[in-house]
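**Q** Structure incoming, see below.
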Amino acid sequence: MFGMVEKYYEGDPLGPITKSALDAPPVNCVRSIYGINVPTEVCTIYRKVPVVTIGDNVADSRYMVDKSASFPPAAKVLYDSHDPWSKANLLSYKIHDGIVTETPMTLQNVPGEKEKRRVCGDGTVPYWNMVHALTWKDDVKVLTVDEVDGAVHRDIIADERFFALLKRYCRVVDPRANAMMMMKSDNQSAGIGGLSDLSLNSNGTRSLNSEGTSTAKELAATADWGSYIRRYEDLQKLFGGKKDAYEKARQHYLEYGFNEDRDCGPGATY
């Protein structure tokens, strides 16, 4: 038994003795996709309850959820508190029956960024946990982070935005595509049909509509507006941190971004 533990557990070069759970995984590519802005439990408040231990009649202490716990009144936090953190952050959390939740208004640290942002987790996992992947960007060759606004922890696997991202990342460019285009061009006069108008975009993706290019609405239907904003500094200044940022980003893309050849696809990290 001890030999097996030593060989397969302690001797594993990627095992728990040599690697921390906070370290980057030993892979070349990480695609992190998760939901945000769903109120998420971050802690529970307990209080001591004195009890008597049966047998020796010695008083002991146990802990139970303090359902009566509450935050100080807003006025007290804003005007009487001498704690800068409380003034800036406390009121963006909610407390109910001893359970503290972060909200879309909670200020969060983002690895690699000086400015905090107002955002919360996916209803199960707190935001700080999910965004931790950004700390790996110097250790992983390809790292992308995509946040799906309003997507709940489990429900995200039925979210069309998640599948749009998944399809984009799993897309394999068919090496025969150019050959098909040449064959169509060479044989068009001979009446060879069955080939749709197909063009390869500069980034290797393919468009299959009747004109050989994607329209703004088609691209917007599978866009990642979080990545769109993060990709361009001017959009960060325009929409960053705003409640309706994604809607404004979509409107911007349809009116200006598409014609400016901007990329609204996934993959932009912070």
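**Q** Viscosity 1.567 mPa s, temperature 4 °C: what is the translational diffusion coefficient of region 215-270 from Stokes-Einstein with a Kirkwood Rh over Cα pairs, rounded to a whole number of µm²/s? The partial results should precede the final answer.
**A** On the way: Rh = 10.9 Å.
For these conditions, the coefficient is 119 µm²/s.
**Q** Further, regarding this structure: Lys and Arg at +1, Asp and Glu at -1: add these up for the other residues within a Cβ distance under 12 Å of GLY123 and post the number. Write out the running numbers ahead of the final one.
**A** Details: positive: ARG154; negative: GLU41, GLU102, ASP122, ASP155.
Around GLY123, the surrounding residues sum to -3.
**Q** Stretch VAL49-LEU107 to full length: gain in nm at 0.36 nm per residue minus the Cα-Cα span?
**A** The VAL49-LEU107 span can extend by a further 17.5 nm.
**Q** Taking 0.36 nm per residue of separation and subtracting the Cα-Cα distance, what length does fully extending VAL140 through PHE163 add? Each step should come with its number before you reach the end.
**A** Numbers: separation 23, 0.36 × 23 = 8.28 nm, distance 2.36 nm.
Between VAL140 and PHE163, full extension yields 5.9 nm more.
Read-outs throughout are calculated quantities, based only on the coordinates presented, and are distinct from any laboratory measurement. Computed from a predicted structure; not experimentally measured. Don't worry about glycine lacking a Cβ; one is built from the backbone with ideal geometry, like all the others, and counts go over all protein chains shown.
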